[in-house]
1. Can you compute the helix-only [θ] at 222 nm over the chain? Use -39500 (n - 2.57) per DSSP H run of at least 4 residues, normalise by all residues, nearest 500 deg cm²/dmol.
2. Over 17 Å apart: what share of the alpha carbon pairs of segment 247-347 falls there, rounded to a whole percent?
3. Rounding to the nearest 10 and keeping the result within 0 to 90°, find how far the Cα-based axis of helix 364-376 lies from the longest principal axis of the chain.
4. Starting from the Cα of residue 320, step 7 Å along the direction of its Cβ; do the same at residue 250; then give the gap between the two resulting points in nm.
5. What is the distance, in nm, between label points placed 7 Å from the Cα along the Cα-to-Cβ direction at residue 353 and at residue 380?
6. If I take every Cα pair under 8 Å that is 6 or more residues apart in segment 1-142, average their sequence separation and divide by the length, what percent do I get for the relative contact order?
7. Return the FRET efficiency for the residue pair residue 147, residue 84: r is the Cβ-Cβ distance, R0 is 25 Å, and the value is rounded to the nearest 0.05.
8. Please give the FRET efficiency for residue 174 paired with residue 1, using the beta carbon to beta carbon distance and R0 = 45 Å, rounded to the nearest 0.05.
Ligand code: EPZ
């Protein structure tokens, strides 16, 4: 799929962020745990969330609109075609293990930004009593009764933390997860479970204490706003020197981005969950280092680099979370950006002019970064691989064009 982006006048008006993709995926998977009906609202309509629904239906769940009924769950083997399309489906491991005492999930494999190993997931599941065998590209996990354990995560992996929270919620006794991820999406998952009778303490911190329970009640839950989608649109206003409102933004989830934008001269006024972005003054550069939450989010690294490409001065970008998350740089260079990379560090010299070019999106956030750069680049930017963008941004072109961006999908 392709999209066309042309140099746009300063954006204005309103863009509203939707529900968080990276909260919806674990919570959809976790809805299996209760074996009853859950109503999950604000799930963004994306390829990833639709793929997760498809896989869950193949395993026997009944899903209509946003009602998830896992009472008829009958399969513990996730389909290869589904897992290949959605790495996040490995989050089904713990729920299937809890409900059916077994989970067979094809190895999710890597993606352009990294090899995406699952060793921390498996190490933690073994700690709570699972027997794990890997053969023919499938991870086969069994366990008659999960038991509480003390787990230290070598890296605060979001996915591993989520799988272990779900397994520990039904383990005999207490589980302590140390060096757990503390992203807002983790807290949202814990809220979803605690509202049903789970017993998770330490939410929002890096040490979680979970007392296993026998059952969960089912619940109606609203997914938190997508902090990365919101950050992406704030950056779009900034790169065009625009002035407008991004709606449905949680201030506490945006601290690193807001601090950096303030450093650069972008004025942001918070009005509840509406953010007024004023980038009508010239912006200067800044440096970022991506870190697990509450550090600067790795998912905002690429969009932010596009902004640095046209900011006055020199900025440094260090990517510490994924080993190959600079794929957008070669494409930005084709648009006239001045970026030098050495390993996980890039130095960005702001330029006065970007020019549109034919470029390729290799991953979700890198694709969004190219579209943002296209808003400020003279002429037209044609982005192929746009399906990557649509995996994570609902109505991406509509939302941006609603604020005055000259962007549309192309029939390729
Ligand atoms: C989640 O991926 C998000 N995806 C990613 O968002 C996000 O970039 C990432 O967290 C970090 O915030 C979803 O929530 C669906 P990790 P996840 O496990 O869980 C290493 C986007 O653009 N690691 O925290 O896969 C891993 O290699 C996507 O929306 C291990 O070594 O991320 C990576 O270097 C991209 N062993 C680092 O940890 C493991 O067992 C972070 O991975 C697991 C991870």
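Read the figures in this text as sums done on the coordinates, not as results from a lab. Everything numeric in this text was worked out from a predicted model, so none of it was measured. Every residue, glycine among them, receives a Cβ derived from its backbone with ideal geometry; neighbour counts consider all protein chains shown.
1. That calculation yields -9000 deg cm²/dmol at 222 nm.
2. 53
3. 20
4. Result: 2.3 nm between the two label points.
5. About 2.0 nm separates the two model spin labels.
6. 19
7. Efficiency at R0 = 25 Å is approximately 0.15.
8. 0.40
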